[in-house]
Amino acid sequence: MKVSTTRLAILLPIQSLQCAAFSLHSFHRTLSQVTVDQVCIQNHRKCFIRIPCRYSTNQEIDGPDPSEQNRWKTVQSRRNISNMLVVGDGDLSFSASISRELDESNIELVATVLEDKITHETIYQRSLINQEMISSFHHHQVLFGIDATNLQTHFLGRVFDRIQFNFPHWKGKANHRYNRQLIDAFLKSASEMISVDAEIHMTLIREQGGCNAKTLAEYRDSWTPLHYAAEHNLLLSKVTPFKVKYNLSSHRGVDRGFNIGCEPQTFVFFKAGSTEDMNVGSIPKEYQLCCRHEVHILLPDGLQEDDDSHILNMKWRDITREDAVRDIVQKVVPEGIRVEVPSRNILHKKDTGYESNMAVFLVVYCGESKAMKRDEADDYRHLAEMEIEKYLPLRENRKGRLVSKPFPYFLLDSILKDNASYGLMKAKDAASFSQ
């Protein structure tokens, strides 16, 4: 049995040994092993004590952890990143924990926090230790007073291959509203600071991200990061478990740990249209953001099942069994948007009291390689209704209704079950209903 560990070298000036001895007492509670040896850092005038720290992950594995492989490559293009910006890094422990590995991979690290230098060193016990660790590598730097929601003012004309924000949270006790505003502003700012094929990594507690929701209500009770990402032309390419291998600090602006639950997750976003290959830019179905609406088509009186319909020269019964409406709508939406018609039903006038029979379709727009925004989806709805009316009339009081708020594709089955109680059914059941 092998237990995977990560080594973190913490550098202390020799004159700070008395403080280090006090700090080691608190380290002992969380580190499985601490050894001390004296080393001199090249190109530095001062001599340091190196304290290798071993963080156990409590994971039984043989060889390298598969989840750690290619961690410095982009998901879409698989290229190595050349630089990385970390924002809101608490006491700088995360940046310190990855600084050596980044240096060995020739990746420049810029570690930032919101507080000014004096305030940071006053609040955080490990501030100086982590600063020394990061700055001991030639291409790394630590910057203070950096607002993660306004990066342009700090890095004018500069771009990054990766921007990472772990556990964003409004300072102080806050509800969803303020935390949603925070991640919205961060994603907007970060989206303007990334290079071609670059990524934004945002780590959230499991319930905050919404990707484990079972119902639409559960999803809407999360911070809905997919929605805010799409508003800034970002797509979600991957969600991965985040293993905490560093000191968690900065709970509501003080030097204190915080609860991250059983399985925090990192959301990996990239800019839609950042690659010319639309297949490379396509994202997995479960991460696609969608909008939906109903289409109510009036069926002419006297139309028999064996009569020709105007819809693509298909017979009436074929409208409920095939993808005629989907094919019509797909023609009017832009590339990168996939159309699905997962639910349809025939409503007879004797049951509805309406003047004619109706075919009711649930149309879903899915953002495959284009970000899904509600206002744009409503434009698709308008174009779809005009195109369908070239073939058959629509029910007037159902036209022009705003599309739904965006939702992730993995919730579509749950939405279909809810719709079943309102008269819609899945496509596989619709054919038998019309016979």
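The values are calculated or read from the model by the stated rules, or taken from the named source; none is laboratory data. For clarity, every value in this text was computed on a predicted model and none was experimentally measured. Please note: Cβ atoms are built from the backbone with ideal geometry, for glycine as well, and neighbour counts cover all protein chains shown. With ligands, DNA and RNA removed, areas are computed over all heavy atoms of the protein, side chains included. Shrake-Rupley method; radii C 1.70, N 1.55, O 1.52, S 1.80 Å.
Just for region 55-73: of the residues that are open to solvent by 60 Å² or more (accessible area, probe 1.4 Å) and at pLDDT below 55, which one is nearest to Val142 (Cα to Cα)?
Applying the filter and picking the extreme gives Ser67.
In region 88-124, how many are touching an Asp or Glu at 6+ places or on another chain (Cβ under 6 Å) and either within 29 Å of Lys73 (Cβ to Cβ) or open to solvent by 50 Å² or more (accessible area, probe 1.4 Å) (or both)? Before the answer, list the steps.
At the first step, the residues of region 88-124 found to be touching an Asp or Glu at 6+ places or on another chain (Cβ under 6 Å) are 95, 111, 113, 123-124.
With the extra rule that they be either within 29 Å of Lys73 (Cβ to Cβ) or open to solvent by 50 Å² or more (accessible area, probe 1.4 Å) (or both), the set shrinks to 95, 111, 113, 123.
Of the residues in region 88-124, 4 are touching an Asp or Glu at 6+ places or on another chain (Cβ under 6 Å) and either within 29 Å of Lys73 (Cβ to Cβ) or open to solvent by 50 Å² or more (accessible area, probe 1.4 Å) (or both).
Name the single residue that is nearest to Phe155 (Cα to Cα) among those in region 89-137 being outside any helix (DSSP H, G or I) and aliphatic (A, V, I, L, M). If you could, list the steps in order and put the result at the bottom.
From region 89-137, those outside any helix (DSSP H, G or I) are 89-92, 105-116, 124-126, 136-137; that's our starting set.
Still in the running and aliphatic (A, V, I, L, M): 92, 107, 109-111, 113-114.
Numbers: Leu92: 19, Ile107: 18, Leu109: 14, Val110: 11, Ala111: 13, Val113: 14, Leu114: 14 Å.
By that ranking, first place goes to Val110.
In region 210-262, how many residues are modelled with pLDDT of 85 or more and either among the hydroxyl-bearing types (Ser, Thr, Tyr) or not in a loop (DSSP other than H, G, I, E, B) (or both)?
Residues flagged as modelled with pLDDT of 85 or more and either among the hydroxyl-bearing types (Ser, Thr, Tyr) or not in a loop (DSSP other than H, G, I, E, B) (or both) within region 210-262 amount to 23.
Could you tell me whether Val341 is assigned to a helix (DSSP H, G or I) and either open to solvent by less than 10 Å² (accessible area, probe 1.4 Å) or in contact with a helix residue (DSSP H, G or I) (Cβ under 9 Å, 6 or more places away or on another chain) (or both)? Step through it out loud before you land on a result.
Values: assigned to a helix (DSSP H, G or I): no; either open to solvent by less than 10 Å² (accessible area, probe 1.4 Å) or in contact with a helix residue (DSSP H, G or I) (Cβ under 9 Å, 6 or more places away or on another chain) (or both): yes.
No: the conditions fail for Val341.
Picking from Lys405, Lys428, which residue would you name as being modelled with pLDDT under 95, of a type in the set (D, E, K, R), open to solvent by 20 Å² or more (accessible area, probe 1.4 Å) and over 22 Å from Lys331 (Cα atoms)?
Lys428
Taking Gly157 and the conditions (1) in a helix (DSSP H, G or I); (2) among the small types (Gly, Ala, Ser); (3) over 19 Å from Ser95 (Cα atoms), which numbered condition does it fall short on, given that it satisfies the others?
Of everything listed in (1) in a helix (DSSP H, G or I); (2) among the small types (Gly, Ala, Ser); (3) over 19 Å from Ser95 (Cα atoms), Gly157 misses just condition (1).
Testing Gly145 on (1) at pLDDT below 95; (2) surrounded by fewer than 16 Cβ atoms within 10 Å (Cβ to Cβ); (3) of a type outside the set (Lys, Arg); (4) outside any helix (DSSP H, G or I), one condition comes back false. Which one is that?
(1)
Okay, residues lined up against (1) at negative phi; (2) surrounded by 19 or more Cβ atoms within 10 Å (Cβ to Cβ); (3) free of Cβ contacts under 8 Å to residues at least 60 places away in the same chain:
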| position | (1), (2), (3) |
| --- | --- |
| Leu182 | yes, yes, yes |
| Ser191 | yes, yes, no |
| Ala198 | yes, yes, no |
| Cys211 | yes, yes, no |
| Thr215 | yes, no, no |
| Tyr219 | yes, yes, no |
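Please indicate, with yes or no, whether at least one residue in region 74-83 is farther than 22 Å from Ser237 by Cβ, surrounded by fewer than 19 Cβ atoms within 10 Å (Cβ to Cβ) and of a type in the set (A, V, I, L, M). I'd like the intermediate steps shown before the answer.
Kept after step one, since they are farther than 22 Å from Ser237 by Cβ, are these residues of region 74-83: none.
Scanning region 74-83, I find no residue that is farther than 22 Å from Ser237 by Cβ, surrounded by fewer than 19 Cβ atoms within 10 Å (Cβ to Cβ) and of a type in the set (A, V, I, L, M), so the answer is no.
How many residues does region 77-132 contain that are polar (S, T, N, Q) and under 19 Å from Phe186 (Cβ atoms)? Step through it out loud before you land on a result.
As a first pass, look at region 77-132 and keep what is polar (S, T, N, Q): 77, 80, 82-83, 93, 95, 97, 99, 105-106, 112, 119, 122, 125, 127, 130-131.
Now restrict to residues that are under 19 Å from Phe186 (Cβ atoms): 83, 95, 112.
Going through region 77-132 one residue at a time, the tally reaches 3.
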